[in-house]
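Everything on this sheet refers to the single structure shown next.
The values are calculated or read from the model by the stated rules, or taken from the named source; none is laboratory data. Given the structure is predicted, the values throughout are model-derived calculations rather than measurements. Counting neighbours? That spans all protein chains shown, and the Cβs are built from the backbone with ideal geometry, glycine included.
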Amino acid sequence: MLGEKCDRGANHSILKEESLVLMSTLKEGKSVKKHYNQPRSDVHVLINSSPVVMGETTIGGISIERNISDIVRLNEELSSTTAYIQHLESKFEAKRPNDPFF
């Protein structure tokens, strides 16, 4: 969106102003590091954002978003699988005979 206002970009219909961390960076003049954001239900991102300052005037900002959706999905699968394994282990322990060599 180089040279365009952030609130008038091509993606404005998809992303609301409050979901754009860059907008808050521009308004507050503060950097953001490793901020988690979920702009849509199926998208997870980590955001780094900084204002661009000339003298004492904020003239723009830069924001980098790293899509971590696959990492979040894999973590959810791992948690689900771990819970299933623990459930199977508990069933096995309940049916296991008292033989110490079993």
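One residue is enough: does the stretch 73-89 have a residue meeting the conditions outside any helix (DSSP H, G or I) and closer than 18 Å to Arg40 by Cα? Let's see the steps before the verdict.
Just the residues of the stretch 73-89 that are outside any helix (DSSP H, G or I), to begin with: none.
Checked the stretch 73-89: no residue is outside any helix (DSSP H, G or I) and closer than 18 Å to Arg40 by Cα.
Filter the stretch 1-31 down to residues that are within 21 Å of Asn67 (Cβ to Cβ) and at pLDDT below 90, then give me how many there are.
20
Restricting attention to the stretch 52-100, and to residues there that are over 30 Å from Pro39 (Cβ atoms) and basic (Lys, Arg), which single residue is surrounded by the fewest Cβ atoms within 10 Å (Cβ to Cβ)?
For the stretch 52-100, the residue satisfying everything is Lys95.
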